[in-house]
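Let me begin by presenting the structure, written as structure tokens, before commenting on it.
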Amino acid sequence: MFEVVRNEKLATNLHRLTVAAPRVARARRPGQFVIVRRQEGAERIPLTIADADPQAGTITLIVQAVGASTRGIVSTPAGEFLRDVVGPLGRPTHLERWGCVACVGGGVGTAVLYPIAKALAEIGNKVYAVIGARSAEYVLLARELSAFAEQVFVATEDGSLGRRGLVTVILADMLAGKLPRPDAVYAVGPVLMMAAVADMTRAPEIPTIVSLNPIMIDGTGMCGGCRVMVGGQRKFACVDGPEFDGHQVDFTGLQSRLSMYQQQERMALRASQTCRLEPPAGRNAEEPSG
Ligand code: FAD
Ligand code: NAD
Ligand code: FES
């Protein structure tokens, strides 16, 4: 059992959980994740280790409530317990001294990006954080990123903070040389965002690493649930990733596998809606009728 030490609401349906998991806190490296089950028999949910404090024996998870299971996790109050926190899983981030690195985060993907950006800065890269969100309320970790980034650029779709538009408007300026031009790009966020970033950096041949989020079940390479095609080869994101060369990823296949179980996900959400939280997050999340 793993105690939730703190549960802070960051925005609608977005929570930061500090969880006592001393072994994971000591062993984890940037880019790795855990699989969480809230209670016996619950679905297994992969979540990135956004931060860790080995001395306190805690890890930080930033969780967006999009369906029944993530709703359950964010509604666990401080002092209560999560049944399983398994990890650290996945390969750690490939770290290299590139020079100037653009770390591009879309929405909750910024939580996944944060430990990667921090590690890149720690080995001497000049990190430019480029973060996008629907509106100011959903801009994540800007203050934390500014502790080590050369600059933090923000784009919001409604213009309530920073540049108006998608996060890629800022990356376009970087690639055009209007802002510092990156030697490498790390991108984490919605599949369409990562696909757009990879398209933009392909012609100028800027190495681009993306962190993929396919549906995962066991997290050990056994079930095949998380398979993705990368450079024409089948990979399992839980053991071969979750980070891959963005120029090689089949994003269309990933998007289609992510939407395979929408009907079952809606049924699970409906079943869980005896419920106490706000409506589900995510622009594609439908409220069940009736
Ligand atoms: P479901 O009812 O299963 O789905 C609700 C909606 O979410 C549907 O639209 C569905 O298509 C979509 N969805 C389902 N699974 C995923 C998925 N794997 N990725 C994206 N969308 C999905 N989420 C966080 O909030 N914070 C994190 O730090 C984080 N890190 C992740 C790291 C990895 C390696 C992976 C694979 C995923 C990560 N996710 C993270 C996504 C998270 O695991 C999913 O949102 C969660 O599994 C959805 O479960 P659910 O039962 O609540 O929703
Ligand atoms: P969102 O839909 O609000 O988008 C956040 C930002 O991403 C947008 O404001 C925009 O700046 C950018 N973006 C979105 N679509 C784009 C496009 N087509 N082109 C360019 N930029 C685009 O995201 P959210 O609701 O905060 O986050 C949920 C998304 O994050 C889900 O799609 C989920 O799959 C993804 N996610 C990814 C990971 C991962 O490990 N890669 C982990 C968790 C969640
Ligand atoms: Fe089962 Fe990756 S989650 S093989």
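At a glance:
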{"item": "Solvent-accessible surface (1.4 angstrom probe) belonging to V239, in square angstrom, nearest 10", "result": "60 Å²"}
{"item": "Solvent-accessible area of E122 with every protein chain in place, 1.4 Å probe, in Å² to the nearest 10", "result": "140 Å²"}
{"item": "Charge tally in the Cβ shell below 11 Å around N125, where Lys, Arg are +1 and Asp, Glu are -1, N125 excluded", "result": "-1"}
{"item": "CD proxy at 222 nm, helix term only [per DSSP H run n ≥ 4: -39500 (n - 2.57); per residue of the chain; nearest 500]", "result": "-7000 deg cm²/dmol"}
{"item": "Two-site FRET efficiency, A56 against D84, from Cβ-Cβ distance with R₀ of 22 Å, rounded to 0.05", "result": "0.60"}
{"item": "Accessible area, probe 1.4 Å, largest first, for residues K178, K9", "result": "K178, K9"}
{"item": "R0 of 22 Å, Cβ-Cβ distance M229-E96: FRET efficiency to nearest 0.05", "result": "0.35"}
{"item": "Solvent-accessible area per residue for the range 83-122 (1.4 angstrom probe, square angstrom)", "result": "35 Å²"}
{"item": "Fraction of alpha-carbon pairs over 16 Å apart in the range 1-71 - percent", "result": "47 percent"}
{"item": "Share antiparallel - DSSP beta bridges, the chain, percent rounded to 5", "result": "60 percent"}
{"item": "Isotropically averaged projected area of the range 77-199, using the convex hull of Cα atoms (one quarter of hull area), nm²", "result": "9.0 nm²"}
{"item": "List M194, M1, ordered by accessible area with a 1.4 Å probe, largest first", "result": "M1, M194"}
{"item": "Candidate residues T252, T48: accessible-area rank, largest first, probe 1.4 Å", "result": "T252, T48"}
{"item": "Inter-site label distance for T252 and S75 at 7 Å from Cα along Cβ, in nm", "result": "4.0 nm"}
{"item": "Viscosity 1.306 mPa s, 10 °C: Kirkwood-radius Stokes-Einstein D of the range 104-155 over Cα pairs, µm²/s", "result": "148 µm²/s"}
{"item": "Distance between modelled label sites at Q39 and M1, nm, 7 Å Cα→Cβ extension", "result": "1.3 nm"}
{"item": "For R181, solvent-accessible area (1.4 Å; no DNA, RNA or ligand), Å²", "result": "120 Å²"}
{"item": "The chain, relative contact order in percent, only Cα pairs under 8 angstrom and at least six apart counted", "result": "16 percent"}
{"item": "Reference-scaled alpha-carbon Rg (2.2 N^0.38 Å with N residues) for the range 42-93", "result": "1.20"}
{"item": "Taking N as its residue count, the alpha carbon Rg of the chain over 2.2 N^0.38 Å", "result": "0.96"}
{"item": "Carbon and sulfur %, accessible surface of the chain computed with the full protein complex present, 1.4 Å", "result": "50 percent"}
{"item": "Partners for K178 among lysines (Cα-Cα distance below 24 Å; same-chain residues under 8 apart left out)", "result": "K126"}
{"item": "Calculated log₁₀ intensity ratio I(q)/I(0) where the Debye formula runs over C-alpha points of the range 1-143, q = 0.15 Å⁻¹", "result": "-0.74"}
{"item": "Computed FRET value (nearest 0.05) for F148 with D199, which takes r as the C-beta separation and R₀ as 25 Å", "result": "0.30"}
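The values are calculated or read from the model by the stated rules, or taken from the named source; none is laboratory data. Everything numeric here is computed off the predicted structure, so don't read it as measured data. Because the Cβ atoms are built from the backbone with ideal geometry, glycine has one as well, and the counts that use them run over all protein chains shown. Quick note on the areas: whole protein, heavy atoms, side chains included, nothing else; ligands and nucleic acids left out. Shrake-Rupley method; radii C 1.70, N 1.55, O 1.52, S 1.80 Å.
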